[in-house]
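The values are calculated or read from the model by the stated rules, or taken from the named source; none is laboratory data. Note that this is a predicted model, so its numbers are computed, not measured. Neighbour counts run over all protein chains shown; Cβ positions are idealised from the backbone, glycine included. The protein model used for the area step is the full one, side chains on, heavy atoms only, and it has no ligands, DNA or RNA in it. Shrake-Rupley method; radii C 1.70, N 1.55, O 1.52, S 1.80 Å.
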Amino acid sequence: MDEKDIENLMDKFDKSSMKEFKVTGDDGTDIYFSKLEHAPVQNMAPTTSSNTVSVTNENASKSKASQNDSTKIKAPLVGIVYFAPSPEKPVYKNVGDHVKKGETVCVIEAMKVINEVKSPISGTITKQVSNDGDMVEYNQPIFEVEED
């Protein structure tokens, strides 16, 4: 499947009343689209993971984010979030831990590259919004932090 085919599928899905859509291309590429708030996590090709779109809840997410924007650590990119540097090592930060501005709180794997997520604020982590291994979207909250 090439980029034009995927864009065509996205356009048709957005205009349809379907809530979920999954297709496997001739080349083995799995593509999954969802309009559900919490789409099930599945193994997807990296190029298709950014195409998982929550169209229905876009406005609700924006209004929620603006209400409590300063107290959340958000995903800087689309990918899979991990709270420890490796399965054998302890997590970067737990709920109740103090975090300093610029300190690494988790990592996001995107296209087989590990990207550190650093805290934009100093404070105490009050809630972990995402779970280890979850697919996160750009600007999706990962932690809630009570600022100092």
Residues satisfying the stated conditions in segment 91-117, i.e. closer than 11 Å to Phe143 by Cα and among the charged types (D, E, K, R): Lys93
Restrict the check to segment 124-143 and report whether at least one residue is open to solvent by less than 30 Å² (accessible area, probe 1.4 Å), of a type in the set (S, T, N, Q) and not in a loop (DSSP other than H, G, I, E, B). no
Could you grab me the full set of residues in segment 74-115 that are open to solvent by less than 50 Å² (accessible area, probe 1.4 Å), in contact with a strand residue (DSSP E or B) (Cβ under 6 Å, 6 or more places away or on another chain), in a loop (DSSP other than H, G, I, E, B) and not hydrophobic (A, V, I, L, M, F, W, C)? Lys93, Gly102
Just to verify a result, which residue in segment 19-38, among those that are part of a loop (DSSP other than H, G, I, E, B) and over 19 Å from Glu137 (Cβ atoms), is least open to solvent (accessible area, probe 1.4 Å)? Gly25
Looking at (1) out of contact with any Cys (no Cβ under 9 Å at 6 or more places or on another chain); (2) in contact (Cβ under 8 Å) with a residue 40 or more places away in the chain; (3) open to solvent by 50 Å² or more (accessible area, probe 1.4 Å), which is the one condition that is false for Lys118? (2)
Can you find, within segment 64-73, the residue that is modelled with the lowest pLDDT among those that are open to solvent by 50 Å² or more (accessible area, probe 1.4 Å) and among the polar types (S, T, N, Q)? Ser66
